[in-house]
1. Do you know which of the residues in region 30-59 that are touching a His at 6+ places or on another chain (Cβ under 9 Å) and part of a helix (DSSP H, G or I) is farthest from G102 (Cα to Cα)?
2. If the requirement is being of a type outside the set (D, E, K, R), at pLDDT 90 or above and touching an Asp or Glu at 6+ places or on another chain (Cβ under 8 Å), which of these qualifies: L54, L33, L70?
3. Pairs, please: C-beta under 6 Å, at least 6 apart or cross-chain, first residue closer than 11 Å to L116 by Cβ and in region 64-91, second among the β-branched types (V, I, T)?
4. Determine, yes or no, whether A152 is touching a Leu at 6+ places or on another chain (Cβ under 6 Å), at pLDDT 95 or above and crowded, with 20+ Cβ neighbours inside 10 Å.
5. State the number of residues belonging to region 66-102 that are among the aliphatic types (A, V, I, L, M) and open to solvent by 70 Å² or more (accessible area, probe 1.4 Å).
6. Output the residues belonging to region 19-50 that are over 16 Å from the mean Cα position of the chain (by Cα), in contact (Cβ under 8 Å) with a residue 12 or more places away in the chain and open to solvent by 60 Å² or more (accessible area, probe 1.4 Å).
7. Residue under question is D130, and the condition is that it be without any contact (Cβ under 8 Å) to a residue 12 or more places away in the chain and either within 20 Å of L70 (Cα to Cα) or open to solvent by 50 Å² or more (accessible area, probe 1.4 Å) (or both); does it hold?
8. Within region 168-188, how many residues turn out to be of a type outside the set (D, E), open to solvent by 90 Å² or more (accessible area, probe 1.4 Å) and part of a helix (DSSP H, G or I)?
Amino acid sequence: RRCGLDKDAESAYQAASHMKGDPAKIAMALSNLGQIYYKNGKLDAAKSYWDSALKATGKLVAAHINEATLELEQMRKIGNSKDASWKKLEEDAKFHLSSALGVDTDSVDAYTDFGLVWMEGWQQNKNRLDLAKTLLDEAKKRNEKYAPLQNAYGLYWMHKGSLNQALQSFTAAVEADPKSVEARINAGQLPLNFRKYDP
């Protein structure tokens, strides 16, 4: 999979997921299948594999984080923190991220995603930004140069109206990972929005 050979990786993971033996290794194969399907836009299939992986072992950090990431995306699509389905997604995402941190207290991914979950709904409750910042700061203690973390900081500063700090964070994310599409888009759009160019 790291070589970009998703079809070969999928076949290998499928074979591994049907082998007898260590349930943790089978769960890891299922979780990795979920990542392949997620990457290819097959979200229902991805969630199904992550659910199966977590049934095999609830200690699989990656599967918990992946489920929370998927739920965060759905929260953003709904965009209304007062909606019942939004609240359910938030509750589930927090459960998965708490579970991930219960297994690995140094997971930068989990702290970063947790911060992003708290950032959602900030328009209705600005206190959520303070909670988000606390979680991002925990991630920063573990790996300050992690690109998704710097991108999350950029969103935080943007919501706070500190556009110079937001741009610095987005730029730091791009420097940490030049392939970070989201950070590049955010870094590019911020100056345009700031100068209020006509579309």
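1. Residues of region 30-59 that are touching a His at 6+ places or on another chain (Cβ under 9 Å), as a first pass: 50, 54, 58.
If we keep only those that are part of a helix (DSSP H, G or I) too, we end up with 50, 54.
Details: W50: 18, L54: 14 Å.
Selected residue: W50.
2. On the way: L33 fails: at pLDDT 90 or above; L70 fails: touching an Asp or Glu at 6+ places or on another chain (Cβ under 8 Å).
Exactly one of L54, L33, L70 is of a type outside the set (D, E, K, R), at pLDDT 90 or above and touching an Asp or Glu at 6+ places or on another chain (Cβ under 8 Å), namely L54.
3. Every condition considered, the pairs that remain are L72/V117.
4. On the way: touching a Leu at 6+ places or on another chain (Cβ under 6 Å): yes; at pLDDT 95 or above: yes; crowded, with 20+ Cβ neighbours inside 10 Å: yes.
Here the answer is yes, as A152 does meet what is asked.
5. Here is the first cut: in region 66-102, the residues among the aliphatic types (A, V, I, L, M) are 68, 70, 72, 75, 78, 84, 89, 93, 97, 100-101.
Adding the requirement that they be open to solvent by 70 Å² or more (accessible area, probe 1.4 Å) leaves 84.
Summing the residues that are among the aliphatic types (A, V, I, L, M) and open to solvent by 70 Å² or more (accessible area, probe 1.4 Å) in region 66-102 gives 1.
6. P23, M28, N40, S48
7. Details: without any contact (Cβ under 8 Å) to a residue 12 or more places away in the chain: yes; either within 20 Å of L70 (Cα to Cα) or open to solvent by 50 Å² or more (accessible area, probe 1.4 Å) (or both): yes.
It is true that D130 is without any contact (Cβ under 8 Å) to a residue 12 or more places away in the chain and either within 20 Å of L70 (Cα to Cα) or open to solvent by 50 Å² or more (accessible area, probe 1.4 Å) (or both).
8. So the first thing to find is which residues in region 168-188 are of a type outside the set (D, E), and the list is 168-174, 176, 178-181, 183-188.
The next check asks that each one be open to solvent by 90 Å² or more (accessible area, probe 1.4 Å); those that pass are 168, 179, 181, 184.
Next, only the ones that are part of a helix (DSSP H, G or I) stay: 168, 181, 184.
Adding up the residues that qualify gives 3.
The values are calculated or read from the model by the stated rules, or taken from the named source; none is laboratory data. No experiment lies behind these values; they were computed from the predicted model shown. Positions of Cβ are backbone-derived with ideal geometry, glycine not excepted, and every protein chain shown enters the neighbour counts. Only protein heavy atoms, including side chains, enter the accessible area calculation; ligands, DNA and RNA are left aside. Shrake-Rupley method; radii C 1.70, N 1.55, O 1.52, S 1.80 Å.
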